[in-house]
Amino acid sequence: MRIIPVVIVAALAASACHRGASSPGSSFAGASLLTPLSEAEEAHDALLRADLGRADSVTRLGFASGFASNFATDVVYLRGGLPIVRGRDAATTIVRAESLAAGTAVRWQPVRAEASADGRSGYSYGYTILSMPAAAGATPAIRVDRYISFWRRDSTAWRIAAYAETYGAPPPPLALPVAAAGAAVSDLPMLRARGPLEQVRAADTAFSALAQRVGTGRAFGDFAAENAQIFSTPGEFITGPNAISESFGPSGSSGALVWHPVAGGVAESGDLGFTVGNAVFTGLREDGGQVVRYSKYLTVWKKQHDGRWRYVVDGGSARPNQ
């Protein structure tokens, strides 16, 4: 489908959880939705400016080309309803296949940005706010989505190495473009690696294993960093290990969730990393019938002072049934 030009406005601020808190809603007027959880240092500020700079790219180049200009060549891209894909060309093909109504205004409101110790990698996440045009005199419809980006800095600029969008409403149906089909990441567990990347892979694998033993809620609490946040339907962040754990309800009450990482990356300084992977939820409907849901996720990990890896943000979206 043809991309229709959109109006982009960037706003600087002061989830559905992948393995499945109140939404800003239509009254959103540009105010800060969440207070950043830590003071941004110089590298953090540069990363935040890069996040907001997507708006400038889109204004100059159009939505698809502008957004894609921020992708690393090996970007891992998670779009709702599609499998995980790898590569700038495939991600760009998917973005070009999106369709927005003429006059739609889009703005990004980052909530947090944090850079690695060497200032060469980092992550950001927050809200994507879309204002859809309405008939004369009517109030524009507002859709609030959320995003997670993991960034790497090359010789010239910050580039997105992994990107996931979690939707405030079901996204418009989109078939995987033929040109991107060959870039779908195989649903095979991530291979063992070395050094910090292996530590991140092992952390995510242990995370899933713990969920099978003690329940999803407890595992999400145990593996959360102190100020970790998850995206939870319909649109708010849930913050901190206790609140995150409690959000899942009593152990075993909602069904079983199993996941595995299929790819990942890590900062050269060894203190930040990410994993992407696939998840399957199996539960029971009220009538006793079985329900199975397939999803994918992006989790950002941070090495703690005691050497353990804990996630700082987690989110994702549905994927095709397999």
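The values are calculated or read from the model by the stated rules, or taken from the named source; none is laboratory data. The model shown is predicted, which means the values in this text are computed figures rather than measured ones. Using ideal geometry, Cβ is built from the backbone for each residue, glycine included, and neighbour counts are taken over all protein chains shown.
In this structure, does R201 turn out to be in contact with a Pro (Cβ under 8 Å, 6 or more places away or on another chain), under 22 Å from G315 (Cα atoms) and basic (K, R)? It is true that R201 is in contact with a Pro (Cβ under 8 Å, 6 or more places away or on another chain), under 22 Å from G315 (Cα atoms) and basic (K, R).
Under 9 Å between Cβ atoms, which residue pairs at least 6 apart in sequence (or on different chains) link something in segment 293-307 that is not assigned by TED's automatic domain parsing to the domain that holds I230 with a partner that is buried (at least 21 other Cβ atoms within 10 Å of the Cβ)? From residues that are not assigned by TED's automatic domain parsing to the domain that holds I230, there are no pairs. From the list Y147, Y127, Y123, the lone residue that is crowded, with 17+ Cβ neighbours inside 10 Å and at pLDDT 95 or above is Y123.
If the condition is being among the β-branched types (V, I, T), modelled with pLDDT of 85 or more and surrounded by fewer than 19 Cβ atoms within 10 Å (Cβ to Cβ), then segment 53-87 contributes only T73. Any residue at all in segment 184-201 that is charged (D, E, K, R), modelled with pLDDT under 95 and surrounded by 19 or more Cβ atoms within 10 Å (Cβ to Cβ)? No, that holds for no residue. Within segment 293-309, the set of residues being within 12 Å of D271 (Cβ to Cβ) and buried (at least 18 other Cβ atoms within 10 Å of the Cβ) comprises V300, W301, K302, K303, W309. Examine segment 62-85 for a residue that is charged (D, E, K, R), in a strand (DSSP E or B) and in contact with a Phe, Trp or Tyr (Cβ under 8 Å, 6 or more places away or on another chain), and state whether such a residue exists. Checked segment 62-85: no residue is charged (D, E, K, R), in a strand (DSSP E or B) and in contact with a Phe, Trp or Tyr (Cβ under 8 Å, 6 or more places away or on another chain). The set of residues in segment 105-148 being part of a loop (DSSP other than H, G, I, E, B), under 16 Å from R49 (Cα atoms) and either touching a Ser or Thr at 6+ places or on another chain (Cβ under 6 Å) or of a type in the set (F, W, Y) (or both) consists of S116 alone.
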